[in-house]
Amino acid sequence: MPLYSYSKLNCYLQCPRRYRFAYIDRIKTEIKETIESFTGNIVHETLRKLYKDLMYEKMNTLEELLEYLRNQWRRKWNDKILITSEDYTPDNYLKMAERFVRDYYKRYYPFNQSRTIALEERIIVDLDGTGRYKILGYIDRLAYRDGGIYEIHDYKTNMTLPINKYIEQDIQLPIYAIGVKDRYPDAKDIRLIWHFLAFDREIEIRKDEEEFEELRQYLISLIRRIEHADEFPAKPSVLCDWCEYKQICGEYKHRYKLETRTLDDYLSDKGVQLVDRYAELLEKREKLLEEIDREIEKTKKEIIDFAKREGLDTVYGTKAKAKVIVGKRHVFPSKGDGRREELKEVLKKHGIWEQVSDIDIYKLSRLMRDGALPIEVEMEIRKFQEEEKVERVYLNRLREDEKRSLSPEEE
Ligand code: SF4
């Protein structure tokens, strides 16, 4: 049975295409270690040492710990590490790492808030107890407090402090908590603790039985969805900038190819020419439609004036006749109007709702596409879907950073 991990599941949620590249096609790419991940690893190692030594009754001083951090940094540093920002040097990152550890040390010294049970602990979460849906994870620090309280600690070294809503929705630590609950049946309470080291902030979340059960079911449903998926659509987002498959992804492949072209080759590229022609035609159609709409409005107004003047209800032409209605009509509250809900309730009360409501097939397709329905529901509904050939082209304006200079001097 396949083994999942939080990052594997998260990869699917963020972009099914990336998931396919990584876990189905297993395309290997050269992943360069960034200075951010290097810094994060060194900080994790340092905090691991702190707690491991404490388990053996050895208390490091802050200076000893910082010395360890600097040594690890020097020992593991290599020139292949990617520094993405031109504004900062490796020394800035080293100082930052020292600050993370210093703040942490001062905040928790003498580290007796709880008893460490395990460090970087491998945990396998068996979601339904049959071994069919298994998730593997590593807990930075697992600790115990009197009274059957278990703590799952996770160190974050990123430079953004997420809002609480994001933490509430995060599933990584709750997944581990399910594993801890299964492994330690004496657990009365499990605390999920994130340490945002860059901000010297600790955020703790607790979940109840019901929430854990909901998460179990959601994860099973998600795994089933992945295993039943026959399409892995690209889901472009800000995360694409960190995607190792960007150069081979259909969303960006053409752009990468064009970037290497001379200006002449770029302008004579078949794709560039076709998209430009398409954009030109759409623009032309837009203008023509506007012009025709204006003409229609003007003629309509003239027909109404003519009918009023002549006292006519219908005006006759050679190929058509125009019925003219001048007066008032009654309209129901439109979408977004609060009274619409009231109307809905009245219709339901009188049993008319079924007669006037209809399935919104576009909304339903969207829910299916976004995987927003439970897999059982989705599979039942899928039976009603028929395959239809889709060939559409959506045109979007290029952002400034996507545009290529057309001036030959800048070549
Ligand atoms: S570049 Fe973006 S859209 Fe393409 S696979 Fe990666 S994350 Fe998905």
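The values are calculated or read from the model by the stated rules, or taken from the named source; none is laboratory data. The structure presented is a predicted model; accordingly, all values stated were derived computationally and were not measured. Positions of Cβ are generated from backbone atoms using ideal geometry, with glycine treated the same way; all protein chains shown enter the neighbour counts.
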Restricting attention to the range 13-22, and to residues there that are within 11 Å of the ligand (Cβ to nearest atom) and either under 11 Å from the mean Cα position of the chain (by Cα) or of a type in the set (Ser, Thr, Tyr) (or both), which single residue is surrounded by the fewest Cβ atoms within 10 Å (Cβ to Cβ)?
14
Can you tell me which of 308, 287, 270, 301 is more than 26 Å from residue 396 (Cβ to Cβ) and exposed (fewer than 11 other Cβ atoms within 10 Å of the Cβ)?
301
Every residue from the range 296-312 that is of a type in the set (A, V, I, L, M) and over 19 Å from residue 327 (Cβ atoms)
296
Taking the condition more than 21 Å from residue 89 (Cα to Cα) and away from the ligand (no atom under 16 Å from the Cβ), does residue 25 pass?
no
List, please: which pairs have Cβ atoms under 9 Å, are six or more places apart or on different chains, and start with a residue in the range 240-263 that is closer than 13 Å to residue 29 by Cα and within 6 Å of the ligand (Cβ to nearest atom) and end with one that is hydrophobic (A, V, I, L, M, F, W, C) and not in a loop (DSSP other than H, G, I, E, B)?
243/21; 245/21; 245/22; 246/240; 249/21; 249/240
From the list 215, 239, 192, 219, which residue is in contact with a helix residue (DSSP H, G or I) (Cβ under 9 Å, 6 or more places away or on another chain) and not in a helix (DSSP H, G or I)?
192
Answer from 165, 235 - the residue that is within 16 Å of the ligand (Cβ to nearest atom) and either hydroxyl-bearing (Ser, Thr, Tyr) or within 16 Å of the chain's Cα centre (by Cα) (or both)
235
Of the candidates 59, 1, the one satisfying the condition of being assigned to a loop (DSSP other than H, G, I, E, B), of a type in the set (A, V, I, L, M, F, W, C) and at pLDDT below 95 is 1
Residue by residue through the range 351-393, note down the ones that are within 21 Å of residue 229 (Cβ to Cβ) and small (Gly, Ala, Ser).
365, 371, 372
Got a sec? Which helices (runs of 4 or more DSSP H) wholly within the range 331-411 have at least 1 residues that are surrounded by 10 or more Cβ atoms within 10 Å (Cβ to Cβ) and of a type in the set (D, E, K, R)?
339-349, 361-369, 375-382
Would you please list the contacts, defined by Cβ atoms under 8 Å and residues six or more apart or on different chains, that run from a residue in the range 203-223 that is small (Gly, Ala, Ser) to a residue that is surrounded by fewer than 17 Cβ atoms within 10 Å (Cβ to Cβ) and modelled with pLDDT under 90?
221/374; 221/376
Matching residues in the range 45-67 (of a type in the set (Asp, Glu) and surrounded by 15 or more Cβ atoms within 10 Å (Cβ to Cβ)) number 2
